Amino acid sequence: MNINIRPAKLSDVESIFTVRTSVIENHLSHEEMRKMGITEGTVGEMIEKGHCTWVATKDDEVIGFSMILTEKGCLYGLFVLPAYEGKGIGRRLTLLAEQELFRHHDIAWLETDGNSRAAKFYMRLGWGNKTKIDGDFIRLEKQRRT
């Protein structure tokens with residue numbers, strides 16, 4: 001399977017939302033995201049402002065993405081279409097996000113449901129220092145290797 005990963009472009013925003021709303025675990029609808037302030041406009045602004053989002057594509061179709069909040073040192077989002085899970089795409093997207101975060105910070109962080117597959121995935125990739133933050137949600141950190 002030939003999967004290409006590249007920086008996101010403004011024209012990818014709709015596809016990013018298609019991926020985000022397609023996932024089963026940690027699913028959010030367009031309306032739920034809008035209530036949180038996550039809209040096509042805000043994501044487009046983030047993409048235009050800087051190197052913060054990557055997309056995985058197969059035959060020019062966006063099948064996954066990762067997004068960081070560079071100034072905060074946060075891995076903000078990582079999602080892959082269900083049909084492409086377990087094929088190493090999430091790992092590749094995470095590594096790109098980490099590389100960019102570690103250009104600016106010694107420690108990167110993320111928040112996720114502590115009972116999720118995502119939490120186990122990140123811990124397998126070396127994220128740790130688990131801290132409970134709210135209900136079942138946890139904060140994980142990863143330190144830049146020197």
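The values are calculated or read from the model by the stated rules, or taken from the named source; none is laboratory data. Every value quoted in this text rests on a predicted model; they were computed, and no experiment measured them. Because the Cβ atoms are built from the backbone with ideal geometry, glycine has one as well, and the counts that use them run over all protein chains shown.
When only residues in segment 25-47 that are modelled with pLDDT under 80 and of a type in the set (Asp, Glu) count, which is nearest to residue 79 (Cα to Cα)? Per the criteria, the residue is 25.
Quick one: would you say residue 124 is closer than 15 Å to residue 3 by Cβ and either more than 12 Å from the chain's Cα centre (by Cα) or not polar (S, T, N, Q) (or both)? Write out each step before concluding.
Working: closer than 15 Å to residue 3 by Cβ: no; either more than 12 Å from the chain's Cα centre (by Cα) or not polar (S, T, N, Q) (or both): yes.
For residue 124, the condition - closer than 15 Å to residue 3 by Cβ and either more than 12 Å from the chain's Cα centre (by Cα) or not polar (S, T, N, Q) (or both) - is not met.
Scanning segment 85-106 for residues that are touching a helix residue (DSSP H, G or I) at 6+ places or on another chain (Cβ under 9 Å) and touching a residue at least 24 places away in the same chain (Cβ under 8 Å) gives 90, 91, 94, 100, 101, 104, 105. Reported count of residues in segment 61-91, each being within 11 Å of the chain's Cα centre (by Cα) and either part of a helix (DSSP H, G or I) or under 20 Å from residue 49 (Cβ atoms) (or both), is 12.
Test of understanding: among 20, 6, which residue is basic (Lys, Arg) and either assigned to a loop (DSSP other than H, G, I, E, B) or surrounded by 14 or more Cβ atoms within 10 Å (Cβ to Cβ) (or both)? Reasoning before the result, please.
Values: 6 fails: either assigned to a loop (DSSP other than H, G, I, E, B) or surrounded by 14 or more Cβ atoms within 10 Å (Cβ to Cβ) (or both).
When all the criteria are applied, what remains is 20.
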